[in-house]
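Accompanying notes for the structure given below.
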Amino acid sequence: MSRRVSIVVGLAATLVAGAAMAREVVPFSEGAAGSVVISVSQRKLYLVNGDGTAIRYPVAVGKPGKQWFGTATIDGKYVAPAWSPPWEVKRDNPRLPDVIAGGSPHNPMGAAAMTLAGGQYAIHGTNRPSSIGTWASYGCIRMYNQDVVDLYQRVDVGTPVYMTH
């Protein structure tokens, strides 16, 4: 087992211990097996199983005017990543530091992140679990930390991501 896999498995066990799972398997017929479909209006992320079901996760999505729609792919996977605020976030919050270390309680990326090709967006955990189910971000998709660790283990770099209304 690689060191990275060991870290993720250990992190998942820590996060899952005593935490209620927000995800569930539901009927779902959109998308190809293994793809990720995010419904902005529902504030849900679906990992398509390919058997007429998907794993559904509650998420926070972009605020009105900060949302994006279309197709992307996962182009990177990171455990406890550092965060550098994008220019728009820094413009609106100039007191933010240029970098917040991974693992810091002030780091909004949470336990893990999967970056999306073509922009400054990611699917990531959160240090603000109360934001899940809302329109809260600048376009990123926030998940409960235990759910982002679960998704991280199930997807690969290259996984297609579809952002729908």
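Only the coordinates and a few stated rules stand behind these numbers; no lab work does. On a predicted model such as this, the values are computed, not experimentally measured, just so you know. So basically every Cβ, Gly included, is an ideal-geometry build from the backbone, and we count neighbours across all protein chains shown.
Some notes on this structure:
- Search result, residues across region 61-76 that are farther than 18 Å from SER131 by Cβ and either in contact with a Ser or Thr (Cβ under 8 Å, 6 or more places away or on another chain) or surrounded by fewer than 14 Cβ atoms within 10 Å (Cβ to Cβ) (or both): PHE69, GLY70, THR71, THR73, ILE74, ASP75, GLY76
- Scanning region 40-56 for residues that are in contact (Cβ under 8 Å) with a residue 60 or more places away in the chain and buried (at least 18 other Cβ atoms within 10 Å of the Cβ) yields VAL40, ARG43, LEU45, LEU47, ILE55.
- Yes/no for GLY119 being touching a Gly at 6+ places or on another chain (Cβ under 9 Å) and surrounded by fewer than 22 Cβ atoms within 10 Å (Cβ to Cβ): yes
- If you go through region 135-161 and pick out every residue that is hydrophobic (A, V, I, L, M, F, W, C) and farther than 17 Å from TYR121 by Cα, you end up with 1.
- Residue count, region 113-133 (criterion: more than 11 Å from the chain's Cα centre (by Cα), under 18 Å from PHE69 (Cβ atoms) and in contact (Cβ under 8 Å) with a residue 40 or more places away in the chain): 3
- Residues in region 70-92 that are among the aliphatic types (A, V, I, L, M) and assigned to a strand (DSSP E or B): ALA72, ILE74, VAL79.
- In summary, ILE132 fulfils each of the numbered conditions (1) in contact with a Ser or Thr (Cβ under 8 Å, 6 or more places away or on another chain); (2) buried (at least 21 other Cβ atoms within 10 Å of the Cβ) with the single exception of condition (2).
- The residues of region 77-116 that are surrounded by fewer than 19 Cβ atoms within 10 Å (Cβ to Cβ), of a type in the set (Phe, Trp, Tyr) and within 23 Å of ASP147 (Cα to Cα) amount to a single one, TYR78.
- For first residues located in region 91-112 and of a type in the set (D, E, K, R), partners that are outside any loop (DSSP other than H, G, I, E, B) and surrounded by 12 or more Cβ atoms within 10 Å (Cβ to Cβ) and lie 6+ apart or on another chain with Cβ distances below 9 Å form the pairs ASP98/LYS90.
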